[in-house]
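First comes the structure, then the notes that go with it.
The values are calculated or read from the model by the stated rules, or taken from the named source; none is laboratory data. Predicted model, so just to flag it, every value in this text is computed and none were measured. Methodologically, a virtual Cβ is constructed for each residue, glycine included, from the backbone with ideal geometry; neighbour enumeration extends over all protein chains shown.
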Amino acid sequence: MTNSEDNVVQGALRWVDFNQEDRLQHLSTLCKSLRQSLISTKLCAEIESKLLSTDSRLVYSDSTAKRLGQVRTELQVFLRESWLEDDSAPCYDPSTGRLYAMNMPENLDSFSKSVTVTTDDELYLAGDIVTRRETGMDDRQKKFYQYNHLLNTWEPRCEMITPRVSCGLVYLKGYIYAIGGDDTKETAERYDPSSDEWTSIPPLPQPMSSEFCAVTVDDSIYVISKDGCYSFSTTENKWSKIADMLQKTLRPQAVTYRGSIYCIDSNGHSRSESSSCIEVYNPTKDEWKRSGKHTFFFDIATLMTYGETMYLLTVHTYYGKDSDGYEIDMDGNRTSLHINQYQPKRDSWRFLREGQPVPPLARWLNDACRTDCLTVRMIPMCLGDPKAYKMDYRGVYRCGDDSIPESFRTGSSDSSDNDD
């Protein structure tokens, strides 16, 4: 599995260089499998430099097709925290309107999983093996996985030093950081993918409840919770207290956008008024302020970025006058998904009235305590059947439906800063 032909070449050269006396004679045979049109000029020169030591003429493959692992599509991967067990996670391609399914590790408690993605589109997951439904207790585990794009499976990696559940998992500058989620609710550690090893880092200044989120900006990690907000400098290897949010957030969900952190209380049920505003943090000024003038009413909310745009997804449940508490339409729908697009020049949010750049997953999202959306370059043909997510909703297009407007198949919309 590789992202470039250069990786294949480097692997072949390392094999040769390990024992040149015996292996250099096989270089010409190896080259027949290397696709010259996809190799960088630098590596081509390195291969040719070894020709001086051989009598063979190097002949490359004339194939111009990329290898399987090199053909990837940017997808939205939705991961929820809920009490329900998830066998897979929905992956959506806004350019085609198609939905796919990424398998999750077996017996994983969906409530406690934490997932992060690297700049090379590698996915890592930390989560406990489900025991809650059997014992009624939280059982923290050290399990840690890396996603195999070709097999659509999760492969075990070096276990964490400390057992954790619902930890903050982020990627920054070549390392994975696991924060909190332990018995003390304050330890942290760092994973090095190159050596498959974990090392401890300084603990949080104070314990964090399970309801917190972690994001990165520049060289720092930011932890946001109702217990306070902190930053960890990876260059100075220390934690610092930062300004608290203007309004205490019980279930924060945040994203980084244009160097700032945007955060919302993701679960409307956690607030008596079932409403929330979005706050934005400026790391340079160390201050929070309200983003726009909107107050949002919802059951579940998710902030996500895609391309150069940021969106707010809100799920709404419609209640009727009957004792059942629901108003059911002719199609049996009870929930609706609304999408708001951020207008950075005006610092405002615009409701998208037609189509949508996300899949119709209102019911699935509504079962979550919190949902995160990652943008990952994946291999669609290696993903699973999304039949579990194919649902119809009144006024919302089906995934893969030919009636989806072309503007939303390409993921584009009117992103100009028009009047709200």
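Some notes on this structure:
- Residue in the range 256-271 that is farthest from the chain's Cα centre (by Cα), counting only those that are modelled with pLDDT under 95 and part of a loop (DSSP other than H, G, I, E, B): 271
- Residue satisfying condition, being crowded, with 16+ Cβ neighbours inside 10 Å and either on the phi > 0 side of the Ramachandran plot or touching a Phe, Trp or Tyr at 6+ places or on another chain (Cβ under 9 Å) (or both), within set 12, 101: 101
- Some residue of the range 17-36 being in contact with a Pro (Cβ under 6 Å, 6 or more places away or on another chain) and touching a residue at least 24 places away in the same chain (Cβ under 8 Å): no
- Qualifying residue in the range 248-255 (condition: under 17 Å from the mean Cα position of the chain (by Cα), buried (at least 19 other Cβ atoms within 10 Å of the Cβ), of a type in the set (Gly, Ala, Ser) and within 18 Å of residue 372 (Cβ to Cβ)): yes
- Test result for residue 201, in the same structural domain as residue 118 (by TED's automatic domain parsing) and out of contact with any Gly (no Cβ under 8 Å at 6 or more places or on another chain): yes
Rundown of residues vs (1) surrounded by fewer than 20 Cβ atoms within 10 Å (Cβ to Cβ); (2) farther than 20 Å from residue 375 by Cβ; (3) modelled with pLDDT of 95 or more, yes/no style:
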residue	(1), (2), (3)
112	no, yes, no
118	yes, no, yes
123	no, no, yes
130	yes, yes, no
135	yes, yes, no
138	yes, yes, no
159	yes, yes, yes
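- Among the residues of the range 1-54, those that are out of contact with any Cys (no Cβ under 9 Å at 6 or more places or on another chain) and of a type in the set (Val, Ile, Thr) comprise 2, 8, 16, 29, 39, 41, 54.
- Filtering the range 178-200 to residues that are under 18 Å from the mean Cα position of the chain (by Cα) and buried (at least 22 other Cβ atoms within 10 Å of the Cβ) leaves 178, 179, 191.
- The set of residues in the range 148-198 being without any contact (Cβ under 8 Å) to a residue 24 or more places away in the chain and hydroxyl-bearing (Ser, Thr, Tyr) consists of 184, 194, 195.
- Of the residues making up the range 336-388, those that are surrounded by fewer than 21 Cβ atoms within 10 Å (Cβ to Cβ) and in a helix (DSSP H, G or I) number 7.
- Just so you know, in the range 78-95 the residues that are part of a strand (DSSP E or B) and small (Gly, Ala, Ser) include one that is farthest from residue 307 (Cα to Cα), and it is 88.
- As for the range 272-285, it holds at least one residue that is over 22 Å from residue 339 (Cα atoms), in contact with a Phe, Trp or Tyr (Cβ under 8 Å, 6 or more places away or on another chain), in a loop (DSSP other than H, G, I, E, B) and in contact (Cβ under 8 Å) with a residue 40 or more places away in the chain.
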